[in-house]
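Heads up, the thing below is written out as structure tokens.
The values are calculated or read from the model by the stated rules, or taken from the named source; none is laboratory data. Since this is a predicted model, take the numbers as computed values, not measurements. Cβ atoms come from the backbone with ideal geometry, glycine included; neighbour counts cover every protein chain shown. We work out accessible area using only protein heavy atoms, side chains counted, and drop any ligands, DNA or RNA first. Shrake-Rupley method; radii C 1.70, N 1.55, O 1.52, S 1.80 Å.
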Amino acid sequence: KMAAAGGSGAAAALWSEVNRCGQNGDFARALKSVNKILQISKDDVTALQCKVVCLIQNGNFKEALSVINTHTKVLPNDVIAFEKAYCEYRLNRIENALKTIQSASQQTDKLKELYGQVLYRLERYDDCLAAYRDLIRNSQDEYEEERKTNLSAVVAAQSTWEKVMPEDLGLREATYELCYNSACALIGQGKLNEAMKKLQRAEAFFLFALIFLQDVTEEDIEAELAIIHGQMAYIMQLQGRTEDALQLYNQIIKLKPTDVGLLAVIANNIITINKDQNVFDSKKKVKLTNAEGVEHKLSKKQLQAIEFNKALLAMYTNQADQCRKLSASLQSQSPEHLLPVLIQAAQLCREKQHAKAVGLLQDFADQHPANAAEIKLTMAQLKIAQGSVTKACMILRSIEELQHKPGMVSALVTMYSHEEDIDSAIEVFTQAIQWYQQFQPKSSVHLSLIREAANFKLKHGRKKEAISDLEELWKQNPKDVHTLAQLISAYSLVDPEKAKVLSKHLPSSDTLSLKVDVDALENSHGATYIRKKAGKLTGDNQQKEQGQGDVKKKKKKKKGKLPKNYDPKVTPDPERWLPMRERSYYRGRKKGKKKDQVGKGTQGSTTAGSSELDASRTASSPPTSPRPGSGAAVSATSNVIPPRHQKPAGAPATKKKQQQKKKKGGKGGW
């Protein structure tokens, strides 16, 4: 509130103007009047406080903080602690704001509210949760709903970033903000379907609330909905619906929201969908993550994820120096984090420097034993890629906490088998079985490993060792007929007498009652052969059934089609399947005859041999269907050169030739 001070003359009038402007919200004019008062009395505490408030209301936080710092004697921290801390908070000097609040002698409600906001920005969620609980417990005003919203935001942040199971605060989800925060908490727990329903409810709440809001612009509506839709797209991405997520992300970007934090998160998520594909689109999207002020809108883990993706994008676009620079920077910020060193190793592998990559990973594993398991798995993968399977096995066996895992046992046995090192494979089985024998003797994994070891030994001729494992299994479960059958089968190869003795323990065939419906089994969908239902047999079919039985019908061969001019009296040419040039009687084209037989004069002239060249008079030319307007035609198979068409007799002999020559072998007629 604007405070008034007593005085006479011009000062009194100025204070009246300050009060009037403050009540009307015209802080720009109020500031002018306060400056005039300070010209009269430069150390007036009330005037200085009013000036700071006016500057804050006008968004001039730097200037307001400058006024406070230059008048520390007149404005001690106890007098103006809230205004100073608020300016530091808005200028993103969060640590300074915390110190200012903590140094205040009296903790007012305003300072407590700001304290909660500062703790949230510093990601001190436990302290923040306690601060808001205290505020809600000890405050009763119109801001209670906002405090509950902030409290739910803290719980959501704990669930998302710290993977803390959120406690039920008993908050009634009466607003879209509370629904949205509840959805975020569910996402952190991995309850994606429930989170999607909450977001849909939040959207419905927001659209319903618009009915009662008058001064809301279309930009405000789109901005709020963009946040909800962005979270929906993120759930789709986590569910594997990448196409739907990508479509929704791009729709939000087209709206051009003013929230740089939202745009940065969406751009980062699109880059993760693109991976090593569509890198040009990713390079465009990465610019949105570099917008001014992004670092103040996102959490540390969000910013870290964006930097990781920038390094990966640099690797995918073959920007090796940029990739090394970004990954080195990330490693200096988080020395214990795995991703920076993995990115560096991946870049070295792309440059065919596998040995250097393995050395880099080994150094990291030595320096950070807690993360050694994941690093050694990567090293083993690199060794396999180089073809050093035995070295890869040595690295895997050095991971003590994973040696007994079924997946690790299976991988090692497979690799040793590939290298034909059966003894080492059996040793892997033995070590894993001993671990389960000591710590989990009755687990199903233990028995499964013994059975797999026995099968492996039988397959590779280690019958006695396999028998030992099978006997151990049978002792633990004497009623296991399957194990007994395996044991008998193994003994039959080594000691037939022992196999006969053990076979007495098998159940007799009388005790085995196989209640199987054969007809139902044959007619089932899984049967490879389905018996047809027997129908009524009458007449000839009945005789066939009784006498001859089922005879398979022979397929009738279709008669081949013969040529239209086929003559059964004439023997076909045995070389008719060969191309003309490859036939024994082919003599090539007779180019010289054309010049001798065809006249060299104009088209109107005739030659003595024209009657001999008339194909219509040639007895060997079979008749064909003539083309319209032609007197005669030459068959396609004829090798006689067709006559040239002549012009009418009245055409002048000196006229230049206007028509193009017909192709050789072409048909006569127009």
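Test SER398 against the stated conditions and say whether it is small (Gly, Ala, Ser) and under 30 Å from ARG121 (Cβ atoms).
Details: small (Gly, Ala, Ser): yes; under 30 Å from ARG121 (Cβ atoms): no.
For SER398, the condition - small (Gly, Ala, Ser) and under 30 Å from ARG121 (Cβ atoms) - is not met.
Checking LYS383 against (1) on the phi < 0 side of the Ramachandran plot; (2) among the charged types (D, E, K, R); (3) surrounded by fewer than 17 Cβ atoms within 10 Å (Cβ to Cβ), which single condition isn't satisfied?
It is condition (3) that LYS383 fails.
List the number of the failed condition for LYS376; all other conditions in (1) within 22 Å of the chain's Cα centre (by Cα); (2) buried (at least 17 other Cβ atoms within 10 Å of the Cβ) hold.
(1)
Is it fair to say LYS442 is under 21 Å from HIS482 (Cβ atoms), of a type outside the set (Ser, Thr, Tyr) and open to solvent by 80 Å² or more (accessible area, probe 1.4 Å)? Before you say what the answer is, go through the steps one by one.
Details: under 21 Å from HIS482 (Cβ atoms): yes; of a type outside the set (Ser, Thr, Tyr): yes; open to solvent by 80 Å² or more (accessible area, probe 1.4 Å): yes.
Against the criterion (under 21 Å from HIS482 (Cβ atoms), of a type outside the set (Ser, Thr, Tyr) and open to solvent by 80 Å² or more (accessible area, probe 1.4 Å)), LYS442 qualifies.
Could you check ALA328 against (1) part of a helix (DSSP H, G or I); (2) buried (at least 18 other Cβ atoms within 10 Å of the Cβ) and say which number it fails?
(2)
Provide a single number: the residues in the stretch 355-373 that are within 22 Å of ALA311 (Cα to Cα), open to solvent by 50 Å² or more (accessible area, probe 1.4 Å) and in contact (Cβ under 8 Å) with a residue 12 or more places away in the chain.
1
When the residues of the stretch 210-223 are narrowed to those that are surrounded by 14 or more Cβ atoms within 10 Å (Cβ to Cβ) and in contact (Cβ under 8 Å) with a residue 24 or more places away in the chain, which ends up nearest to ASN268 (Cα to Cα)? Give the steps one after another, and end with the answer.
In the first step, residues of the stretch 210-223 are kept if they are surrounded by 14 or more Cβ atoms within 10 Å (Cβ to Cβ); the result is 221-223.
From what is left, the residues that are in contact (Cβ under 8 Å) with a residue 24 or more places away in the chain are 222-223.
On the way: GLU222: 21, ALA223: 19 Å.
Filtering first and then ranking leaves ALA223.
Test LEU178 against the criterion of being farther than 24 Å from LEU303 by Cα, within 41 Å of the chain's Cα centre (by Cα) and open to solvent by less than 70 Å² (accessible area, probe 1.4 Å), and give yes or no.
For LEU178, the condition - farther than 24 Å from LEU303 by Cα, within 41 Å of the chain's Cα centre (by Cα) and open to solvent by less than 70 Å² (accessible area, probe 1.4 Å) - is met.
Any residue in the stretch 453-463 that is open to solvent by 40 Å² or more (accessible area, probe 1.4 Å) and touching a Leu at 6+ places or on another chain (Cβ under 9 Å)? Outline the logic, then answer.
Let us first name the residues in the stretch 453-463 that are open to solvent by 40 Å² or more (accessible area, probe 1.4 Å), namely 455, 458-463.
Add one more test, that the residue is touching a Leu at 6+ places or on another chain (Cβ under 9 Å), and what stays is 458, 463.
Checking the stretch 453-463: at least one residue is open to solvent by 40 Å² or more (accessible area, probe 1.4 Å) and touching a Leu at 6+ places or on another chain (Cβ under 9 Å).
Give the residues of the stretch 111-144 that are more than 45 Å from the chain's Cα centre (by Cα), surrounded by 13 or more Cβ atoms within 10 Å (Cβ to Cβ) and modelled with pLDDT under 90, sorted by residue number.
So the first thing to find is which residues in the stretch 111-144 are more than 45 Å from the chain's Cα centre (by Cα), and the list is 111, 137-142.
Next, from what is left, pick out any that are surrounded by 13 or more Cβ atoms within 10 Å (Cβ to Cβ): 111, 139.
Result: SER139, single match.
For residues in the stretch 497-518 being assigned to a helix (DSSP H, G or I) and exposed (fewer than 10 other Cβ atoms within 10 Å of the Cβ), which is modelled with the lowest pLDDT?
This residue is VAL518.
Residue by residue through the stretch 331-348, note down the ones that are of a type outside the set (S, T, N, Q), farther than 21 Å from THR272 by Cα and either touching a residue at least 60 places away in the same chain (Cβ under 8 Å) or not in a loop (DSSP other than H, G, I, E, B) (or both).
From the stretch 331-348, those of a type outside the set (S, T, N, Q) are 335-343, 345-346, 348; that's our starting set.
Filter once more, keeping what is farther than 21 Å from THR272 by Cα: 335-336, 348.
Listed by number, the list holds a single entry, LEU348.
Considering only the stretch 473-488, how many residues are within 21 Å of GLY461 (Cβ to Cβ) and either exposed (fewer than 15 other Cβ atoms within 10 Å of the Cβ) or among the hydrophobic types (A, V, I, L, M, F, W, C) (or both)?
Residues meeting the conditions: 4.
Of the residues that make up the stretch 201-223, is at least one closer than 19 Å to ALA157 by Cα and not aromatic (Phe, Trp, Tyr)?
Yes, there is a match, as at least one residue in the stretch 201-223 is closer than 19 Å to ALA157 by Cα and not aromatic (Phe, Trp, Tyr).
Residue under question is GLU307, and the condition is that it be surrounded by fewer than 21 Cβ atoms within 10 Å (Cβ to Cβ) and either on the phi > 0 side of the Ramachandran plot or in a helix (DSSP H, G or I) (or both); does it hold?
Criteria met by GLU307.
Check the stretch 287-300 and report whether any residue there is of a type in the set (S, T, N, Q), closer than 22 Å to PRO257 by Cβ, surrounded by fewer than 20 Cβ atoms within 10 Å (Cβ to Cβ) and not assigned by the TED database to the domain that holds GLN381.
The answer is yes; a qualifying residue exists.
Which condition number in (1) under 22 Å from LEU225 (Cβ atoms); (2) buried (at least 21 other Cβ atoms within 10 Å of the Cβ) is the one that THR258 fails?
Among (1) under 22 Å from LEU225 (Cβ atoms); (2) buried (at least 21 other Cβ atoms within 10 Å of the Cβ), the lone unmet condition for THR258 is (2).
For the stretch 85-110, what are the residues that are open to solvent by less than 50 Å² (accessible area, probe 1.4 Å) and modelled with pLDDT of 90 or more?
Those that are open to solvent by less than 50 Å² (accessible area, probe 1.4 Å) and modelled with pLDDT of 90 or more: ALA85, CYS87, GLU88, TYR89, LEU91, ILE94, ALA97, LEU98, THR100, ILE101.
Is there any pair with a first residue in the stretch 484-496 that is in contact (Cβ under 8 Å) with a residue 12 or more places away in the chain and a second that is not in a helix (DSSP H, G or I) whose Cβ atoms are under 7 Å apart and which are 6 or more apart or on different chains, and what are they?
Listed by first residue and then by second, the contacts come to LEU484/HIS505; LEU484/LEU506.
Looking only at the stretch 62-74, decide whether some residue is touching a residue at least 24 places away in the same chain (Cβ under 8 Å), surrounded by 13 or more Cβ atoms within 10 Å (Cβ to Cβ) and among the hydroxyl-bearing types (Ser, Thr, Tyr).
No, the conditions are met nowhere in the stretch 62-74.
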